[in-house]
Number of protein chains: 2
Amino acid sequence: CGASRARDWAHHGAPIFADLTVREMKAVRAYLHGIPEMLLTDARNEALKKNSILLMELHLPKKHEVLRALDRGQAKPTRQARVVIQFGNQATPNITEYIVSPLPSPNSHEVKTFKGNRTVRFESRPITAVEYKHIVAMLDKITTTAYKLLLETTGGFSFRNCSDRCLTFSDIAPRGLAPGERRSWIMLQKFVEGYFIHPVGFEVMINHRDLDPKMWTVEKVWYNSKYFDSVEELVEKYESGDVEKVKLPDHDDDDLYSTYIPRGHSNTPTNIHGPKLVEPQGPRYHVEGNFVEYAGWSFAYRVRSSAGLQVFDLRFNGERIAYEISIQEAIAFYAGDTPAAMQTKYIDAGWAMGSSSFELAPGIDCPEIATYVDLYHYFDTDKPVRHKNALCIFEMTTAMPLRRHFNADFKGGYNFYGGLDSTVLVLRTTSTVYNYDYIWDFHFYQNGVVEVKVSATGYIHATFFTPNGLHYGTKVYDYVLGNLHTHLVHYKVDLDIAGRDNSFESMDLKFVNFTNPWSPDHRVVQSRLHWTEKKTERDAAFRFGKKFPRYVHFFNPNEKNKWGHKKGYRIQFNSHGHSVLPRGWREENGISWSRYPLAVTRHRDSEATSSSIYTQNDPWEPVVSFEDYIRNNEDIVNKDLVAWVTVGFLHVPHSEDIPNTATPGNAVGFFLRPFNFFDEDPSVASKSTIIVRQGKDCKPKVQRWTPEVIGHCVTDKPFFYNGTYKGV
Amino acid sequence: CGASRARDWAHHGAPIFADLTVREMKAVRAYLHGIPEMLLTDARNEALKKNSILLMELHLPKKHEVLRALDRGQAKPTRQARVVIQFGNQATPNITEYIVSPLPSPNSHEVKTFKGNRTVRFESRPITAVEYKHIVAMLDKITTTAYKLLLETTGGFSFRNCSDRCLTFSDIAPRGLAPGERRSWIMLQKFVEGYFIHPVGFEVMINHRDLDPKMWTVEKVWYNSKYFDSVEELVEKYESGDVEKVKLPDHDDDDLYSTYIPRGHSNTPTNIHGPKLVEPQGPRYHVEGNFVEYAGWSFAYRVRSSAGLQVFDLRFNGERIAYEISIQEAIAFYAGDTPAAMQTKYIDAGWAMGSSSFELAPGIDCPEIATYVDLYHYFDTDKPVRHKNALCIFEMTTAMPLRRHFNADFKGGYNFYGGLDSTVLVLRTTSTVYNYDYIWDFHFYQNGVVEVKVSATGYIHATFFTPNGLHYGTKVYDYVLGNLHTHLVHYKVDLDIAGRDNSFESMDLKFVNFTNPWSPDHRVVQSRLHWTEKKTERDAAFRFGKKFPRYVHFFNPNEKNKWGHKKGYRIQFNSHGHSVLPRGWREENGISWSRYPLAVTRHRDSEATSSSIYTQNDPWEPVVSFEDYIRNNEDIVNKDLVAWVTVGFLHVPHSEDIPNTATPGNAVGFFLRPFNFFDEDPSVASKSTIIVRQGKDCKPKVQRWTPEVIGHCVTDKPFFYNGTYKGV
Ligand SMILES: [Ca+2]
Ligand SMILES: [Ca+2]
Ligand SMILES: [Ca+2]
Ligand SMILES: [Ca+2]
Ligand SMILES: [Cu+2]
Ligand SMILES: [Cu+2]
């Protein structure tokens, strides 16, 4: 009864977390555009000197308000929108965030402030389609000036009037070296399928800070390992022979290098379909709006346009385990020899990572049997944008038992065999941030374990090959270097272990050495558990490069399981992350979360995220700085705690990253594992278990709770197990 | 042509690695039993003082002989058997290993020697069914003496005349404290389903060294945290009230605690079948005997009766990557408060880990669609024993793309979408070593990546609860402690990267700091690759607790890929292993391999394995000691190298280990990943790729190489992808 009421309240509360609907987005836009003082114009209006909505998404209510609905069935708090407006059309341009409410019929707005009343520098705003249009226009001019050089260098490619021999570009961030700057290195690439790995060796830095694009300037050009102060200078020296000409090998249209088109062969057939998942008796999970149930699990989800997938109110058998688990940020910091390479420090929330969730292909991105859900984003747009089938939910078999035991009788028979297939519910989105594709996964196991995982695929960020570049990567094509970089991903894990009041401890082993109690001439050396409760935020902030404890354990000091142990969950890392820059070094200030594989803070509604969409273009003085959250070094004993988890890996590209980085071995994440949270493994509730015992007649007797025959798609034969191992 | 010849030679050579056939085993037995001087009797003969065959398995030819067949198509070397004989029936009993040949009609045998001509102590032999029979007889006597105590303690359980209230036992190893000893702690347990987690708090140490069981003695008894020198002493003190009586809670037959029987409920149905794998157009791999082909892969396999699964002659597109990848040893070292707990240091090759490969259940241990293979073992037997369906091979989808990219045009459309499903071929066996079940996996990805993985499930090794035990584990039941322990598994990885002559290097990053070339007032700090070639075995032996390099790289210094990089493979760890005892401390000498997550040695035929079946019962002075292999500190530049890999994890049991340890989060292993071995990702050969482009009419155009419709079991609809993301 308690569990069923808990289930009802979870179901009742899930819509609190649901992303804005199309209707809500349109209403918010109409409301704001109706405020004369704001002078809002369309985002796609070609001017940069304008006021317009940049982004709109759900604004979450304060946690205690939500909990009234989730834990007591009370009324849901008012829905609100967070709206980012860029005020370019005024003397001192600024970025202001508003909370607009109530939805779906808004009538008020208030400014959303940042910690320490920091303001958002206008130059730190994400780049928009309109700004790109002006950059393209600027590149038109630049490449016209360098037309002959580019044509000769590339063997016929140009930026305009190019038909099938076009150039395109990638722009680098951060955009400068200090706050307030907005000048970007841009690399030219052949515009062919997979252009990211076709740099042609021409890099140019454009200062595009001014809101009048006519005022934009070229500050530097890089060609053949030399720097020039202008395109004209380069062209002049190129013509006069003062700079050595680069000539790429002839472009070969039949070279499949950067494409997905199959080539080569293998000994076994792949022109037939490989193994597929089926659900012989239908799905075993429920999805209703953003509320999902599977095995003992229930949760709500949403996909922030800024940073992506979030899970809320995660419960098992009605008991809360986490209030929120969400992606905060993903970065890739590079090294290299060209200015574009050494400047690249991608901080992807600033590239609209959350709204870069494109359509998932059935049978590839998710199984054919998955449930596909559309997402709606409002970023750099004048209408809500539908991303069809951008999220999927499915159950899969891991093709591995969750548990199994063969209990031999050591006489050729057995006492029993028991086993249970390990299936998981997967919640997945992707973010394609230009070249790279992240695959964001949450796996819910039947036994109370959650696996949170990010896999990397897509194209590497590659630069033009120079011999000196080999200190920073690998040659992957005639004139292409794959640059070393580190991927780091930050997650917020607001565990609420059986309630909000939690504590945190780490565990290490220490050897003890004592006289053997049954043989006093000998000594026993063995490991002993050494638990250390961490009492303050600073104590619970573990740095990369330092020894990490064997176990990290979140528990409710007020709740015990049947055997008297504090109910708790562990976080288990699967990561090869490390720091990317010395602490406090320039851009490192923007990613202070990346100092810590794990940090534990006291929950604050004001500390909702560890990063922002503004960090990419101002990592030097970020408006949201994770370090602030632990600086006050609060007490974390018996409090509402949040775990902040950083995972990642070093990626030194190699030939096998062509055409794309492949997912095997390129997934990192963490497990949430119950540790004395339950009284026993809760997957014992599964009726998919099979037990076989030897009958009196020595024949196997199968005990099961699922239909004997799976069905014609899998097998018509009932399960059979013999179990004996006899001499022959 | 070269590739096809390579394929033919691989196929031709695979039988070299095939396990002994039943016919061969029988012939070897007959041959040896026919040698009068050996005086061999049946292994199952009840005497301990006898000469008999303990184990028989394939003896591998020297590597250079095998390579003549594999690389030049020459005649295969003679098949030989390795036979372990225990000579108990003589003045000084000994263990001798013989090489018997030629098979299948043997006519000669020679003694197989160990490094340094070390001899195998008779006391270090694995325990046999006959010895257990005598232990049971001894326990009969012991429990008769303590009949009343046991009955009162357990509430009605006894060792004999017990019908449904029986006791059973688990024995602990190592069996003593020094070489030459054979005295085992034995724990009594309720003989119910899952008896491993039913200790009743009675532990007894039996000295069973003498070959005349009548001479065996009880050396110690443990009851209620007290030690006694004999059962009689305990019983006397128990009766006289000098020892406090323990009374377990009444046994409840309805308590499902240790069983697999479902209990509890979940919100979603599990009484129907979950998702299943199907092969809509049949398998895409070939198995012929012990030779397997899948995608570009080919390999041979076998399952050693001693240590288990091995893969040989692993090639991709005909080019060798590894000569051998094989399990060497698995250990679990415990800590605790009872003598059984603090003594437990299981070293599983000594428990016939390889021959403990029991039947796999379809749909649980492997998918229904798997290919199941029988194994034959000859260990502690008089006839070859058939283990039906003990190995499985299957292809599965990981429900994850191997690669995918959505190439947006940033105008609501896209240049192209491409993707390829990630499927793997899985080769799997299990080892049930009494309570624990290991699942041994090799996963072969389409892109040249191999994942080697062990998952742990089955029952924990649990001991009787005492308050002091909480320093060493968790209470998991009224009177049961789950004891902390560390699992470590050792693998031999004889990489032969494009030939035998390989070198090894590690890679770390170092920050460089230099003047920004385009802004001289600023400095650039970035990471730079720092490769270190390891020139000797000691240099390439990485210790637990020390910093491990970011990359470890095996390469062929004589072979380059298309871009001029040395062809190589990385080993990437997925492990939480650590040392279990101080270096050189007693039993640690038996597992010197466990000092090193990675050690690289020069290949020696004489260093075939890193452990032996004798280590468990004499870990103090092991006959095979891995440390010997690196002690001569050989040159490892441009040589035949072997990587020795240790993976594992600390296991502090918790309530969720009841009834069994579950596999999620309890898998460790390593990846072998190509690093400039190929010229590009070899999975581009797969015709399962799908590419979608927007046609001139803006409609999606699908390019594919597999049938448009998968079939009625999965879906009747052809693949469809739209890809646009438009305003609504
Ligand atoms: Ca704080
Ligand atoms: Ca919390
Ligand atoms: Ca050596
Ligand atoms: Ca080798
Ligand atoms: Cu990468
Ligand atoms: Cu364990």
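With the condition kept exactly as written, say whether any residue in region A:550-565 is at negative phi, free of Cβ contacts under 8 Å to residues at least 60 places away in the same chain, within 16 Å of ligand 1 (Cβ to nearest atom) and touching a strand residue (DSSP E or B) at 6+ places or on another chain (Cβ under 8 Å).
no
Checking the structure you have, find out if any residue of region A:697-714 is more than 7 Å from every other protein chain (Cβ to nearest Cβ), closer than 23 Å to B:Thr663 by Cβ and either assigned to a loop (DSSP other than H, G, I, E, B) or touching a Phe, Trp or Tyr at 6+ places or on another chain (Cβ under 8 Å) (or both).
Within region A:697-714, one or more residues are more than 7 Å from every other protein chain (Cβ to nearest Cβ), closer than 23 Å to B:Thr663 by Cβ and either assigned to a loop (DSSP other than H, G, I, E, B) or touching a Phe, Trp or Tyr at 6+ places or on another chain (Cβ under 8 Å) (or both).
Restricting the search to region B:523-538, which residues are without any contact (Cβ under 8 Å) to a residue 60 or more places away in the chain and not β-branched (Val, Ile, Thr)?
Scanning region B:523-538 gives B:Arg523, B:Gln526, B:Ser527, B:Arg528, B:Leu529, B:His530, B:Trp531.
Every residue in region A:329-350 that is assigned to a strand (DSSP E or B) and of a type outside the set (Val, Ile, Thr), please. First the steps, then the outcome.
So the first thing to find is which residues in region A:329-350 are assigned to a strand (DSSP E or B), and the list is A:329-334, A:345-347.
Scanning region A:329-350 gives A:Glu329, A:Ala330, A:Ala332, A:Phe333, A:Tyr334, A:Lys345, A:Tyr346.
Has region B:157-174 got at least one residue that is over 22 Å from B:Tyr334 (Cβ atoms), surrounded by 15 or more Cβ atoms within 10 Å (Cβ to Cβ) and either within 14 Å of chain A (Cβ to nearest Cβ) or among the charged types (D, E, K, R) (or both)?
Looking through region B:157-174, at least one residue is over 22 Å from B:Tyr334 (Cβ atoms), surrounded by 15 or more Cβ atoms within 10 Å (Cβ to Cβ) and either within 14 Å of chain A (Cβ to nearest Cβ) or among the charged types (D, E, K, R) (or both).
Restricting to region B:431-450, name every residue that is under 11 Å from A:Phe406 (Cβ atoms), outside any loop (DSSP other than H, G, I, E, B) and away from ligand 6 (no atom under 11 Å from the Cβ).
If the condition is that a residue be under 11 Å from A:Phe406 (Cβ atoms), outside any loop (DSSP other than H, G, I, E, B) and away from ligand 6 (no atom under 11 Å from the Cβ), then B:Ser431, B:Thr432, B:Val433 are the ones that fit.
Condition test on A:Ala399, is it surrounded by 22 or more Cβ atoms within 10 Å (Cβ to Cβ), small (Gly, Ala, Ser) and either within 23 Å of A:Tyr301 (Cα to Cα) or touching a Gly at 6+ places or on another chain (Cβ under 9 Å) (or both)? Don't jump to the end; show me each part of the working.
Details: surrounded by 22 or more Cβ atoms within 10 Å (Cβ to Cβ): yes; small (Gly, Ala, Ser): yes; either within 23 Å of A:Tyr301 (Cα to Cα) or touching a Gly at 6+ places or on another chain (Cβ under 9 Å) (or both): no.
In short, no.
Output the number of the condition that B:Asn45 fails; it satisfies all remaining conditions of (1) in contact (Cβ under 8 Å) with a residue 60 or more places away in the chain; (2) touching a Pro at 6+ places or on another chain (Cβ under 7 Å); (3) among the polar types (S, T, N, Q).
So the condition that B:Asn45 fails would be (2).
Run A:Ser688 past the list (1) assigned to a loop (DSSP other than H, G, I, E, B); (2) within 11 Å of chain B (Cβ to nearest Cβ); (3) closer than 30 Å to A:His553 by Cα and report the number of the one that doesn't hold.
(3) is the only condition that A:Ser688 fails.
Which one is nearest to B:Leu402 (Cα to Cα), of the residues in region B:645-682 that are in contact with a Gly (Cβ under 7 Å, 6 or more places away or on another chain) and in a helix (DSSP H, G or I)?
B:Pro682
Take the residues in region B:410-450 that are charged (D, E, K, R) and farther than 17 Å from A:Thr430 by Cβ, then tell me which one is nearest to the other protein chains (Cβ to nearest Cβ).
By that ranking, first place goes to B:Asp437.
Select from region B:523-553 the residues that are surrounded by 14 or more Cβ atoms within 10 Å (Cβ to Cβ) and either in contact with a Gly (Cβ under 6 Å, 6 or more places away or on another chain) or at pLDDT below 95 (or both) and list them in ascending order.
B:His553
For region A:250-328, which strands (runs of 3 or more DSSP E) that fit wholly inside it have 3 or more residues that are facing chain B (nearest Cβ under 7 Å)? Don't jump to the end; show me each part of the working.
Numbers: elements: A:276-278, A:285-288, A:291-294, A:297-304, A:308-316.
Result: A:276-278.
Which condition number does B:Phe573 fail, the rest of (1) within 16 Å of ligand 3 (Cβ to nearest atom); (2) under 21 Å from the mean Cα position of the chain (by Cα); (3) within 30 Å of B:Glu319 (Cβ to Cβ); (4) not in a loop (DSSP other than H, G, I, E, B) being met?
(1)
Is it the case, given these coordinates, that B:Glu219 is closer than 30 Å to B:Asp496 by Cα, in a strand (DSSP E or B) and within 12 Å of chain A (Cβ to nearest Cβ)?
When the stated conditions are applied, B:Glu219 does not pass them.
If we keep just the residues of region A:149-160 that are touching a residue at least 24 places away in the same chain (Cβ under 8 Å) and part of a helix (DSSP H, G or I), which is farthest from A:Arg182 (Cα to Cα)?
Restricting to residues being touching a residue at least 24 places away in the same chain (Cβ under 8 Å) and part of a helix (DSSP H, G or I), the top hit is A:Glu152.
I'd like the full set of residues that are assigned to a loop (DSSP other than H, G, I, E, B) and more than 7 Å from every other protein chain (Cβ to nearest Cβ), limited to region B:370-381.
Residues satisfying the conditions are B:Ala370, B:Asp380.
Report yes if A:Thr601 is crowded, with 24+ Cβ neighbours inside 10 Å and outside any loop (DSSP other than H, G, I, E, B), otherwise no.
For A:Thr601, the condition - crowded, with 24+ Cβ neighbours inside 10 Å and outside any loop (DSSP other than H, G, I, E, B) - is met.
For every residue, the table says whether it meets (1) part of a loop (DSSP other than H, G, I, E, B); (2) surrounded by fewer than 22 Cβ atoms within 10 Å (Cβ to Cβ); (3) at pLDDT 95 or above.
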| residue | (1), (2), (3) |
| --- | --- |
| B:Asn558 | no, yes, yes |
| B:Trp563 | yes, yes, yes |
| B:Lys567 | no, no, yes |
| B:Gly584 | yes, yes, yes |
| B:Asn589 | no, yes, yes |
| B:Ser612 | yes, no, yes |
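Of all residues in region B:16-58, how many are part of a strand (DSSP E or B), touching a Leu at 6+ places or on another chain (Cβ under 9 Å) and not β-branched (Val, Ile, Thr)? Working first, answer last.
Restricting attention to region B:16-58, the residues satisfying the condition of being part of a strand (DSSP E or B) are B:40, B:51-58.
Restricting the remaining residues to those that are touching a Leu at 6+ places or on another chain (Cβ under 9 Å) gives B:40, B:51-53, B:56-58.
When the remaining residues are screened for being not β-branched (Val, Ile, Thr), the result is B:40, B:51-52, B:56-58.
Adding up the residues that qualify gives 6.
Of all the residues that make up region B:451-461, how many are in a loop (DSSP other than H, G, I, E, B) and more than 7 Å from chain A (Cβ to nearest Cβ)?
Of all residues in region B:451-461, those in a loop (DSSP other than H, G, I, E, B) come to B:459-461.
Checking the rest, the ones that are also more than 7 Å from chain A (Cβ to nearest Cβ) come to B:460-461.
Qualifying residue count, region B:451-461: 2.
Determine, yes or no, whether B:Lys562 is within 30 Å of B:Glu65 (Cα to Cα), away from ligand 3 (no atom under 16 Å from the Cβ) and within 12 Å of chain A (Cβ to nearest Cβ).
Spelling it out, it is not the case that B:Lys562 is within 30 Å of B:Glu65 (Cα to Cα), away from ligand 3 (no atom under 16 Å from the Cβ) and within 12 Å of chain A (Cβ to nearest Cβ).
Those residues that are within 16 Å of ligand 3 (Cβ to nearest atom), in a strand (DSSP E or B) and out of contact with any Leu (no Cβ under 7 Å at 6 or more places or on another chain), I need them from region B:470-520; list them, please.
The answer is B:Lys492, B:Val493, B:Asp494, B:Ser503.
For the structure I just gave you, tell me whether B:Val637 is buried (at least 20 other Cβ atoms within 10 Å of the Cβ) and either over 30 Å from A:Ser683 (Cβ atoms) or more than 14 Å from chain A (Cβ to nearest Cβ) (or both). Explain how you work it out, then say what you get.
Working: buried (at least 20 other Cβ atoms within 10 Å of the Cβ): no; either over 30 Å from A:Ser683 (Cβ atoms) or more than 14 Å from chain A (Cβ to nearest Cβ) (or both): yes.
It is false that B:Val637 is buried (at least 20 other Cβ atoms within 10 Å of the Cβ) and either over 30 Å from A:Ser683 (Cβ atoms) or more than 14 Å from chain A (Cβ to nearest Cβ) (or both).
Does B:Leu70 meet the test of being touching an Asp or Glu at 6+ places or on another chain (Cβ under 8 Å) and within 15 Å of B:Pro384 (Cβ to Cβ)? Spell out how you get there, then give the answer.
On the way: touching an Asp or Glu at 6+ places or on another chain (Cβ under 8 Å): yes; within 15 Å of B:Pro384 (Cβ to Cβ): no.
The answer is no for B:Leu70.
Select from region A:660-669 the residues that are within 7 Å of chain B (Cβ to nearest Cβ) and touching a Phe, Trp or Tyr at 6+ places or on another chain (Cβ under 7 Å) and write down the one among them that is farthest from B:Phe555 (Cα to Cα).
In this case the residue turns out to be A:Asn660.
Please name all residue pairs, on different chains or six or more residues apart, with Cβ atoms under 8 Å, provided the first residue is in region B:593-611 and is within 16 Å of ligand 6 (Cβ to nearest atom) and the second residue is not small (Gly, Ala, Ser).
B:Ser594/B:Ile331; B:Ser594/B:Leu488; B:Ser594/B:His490; B:Ser594/B:Phe544; B:Ser594/B:Val580; B:Ser594/B:Glu588; B:Ser594/B:Thr646
The values are calculated or read from the model by the stated rules, or taken from the named source; none is laboratory data. Bear in mind that the values here come from a model prediction, so they are computed numbers and not experimental data. Don't worry about glycine lacking a Cβ; one is built from the backbone with ideal geometry, like all the others, and counts go over all protein chains shown.
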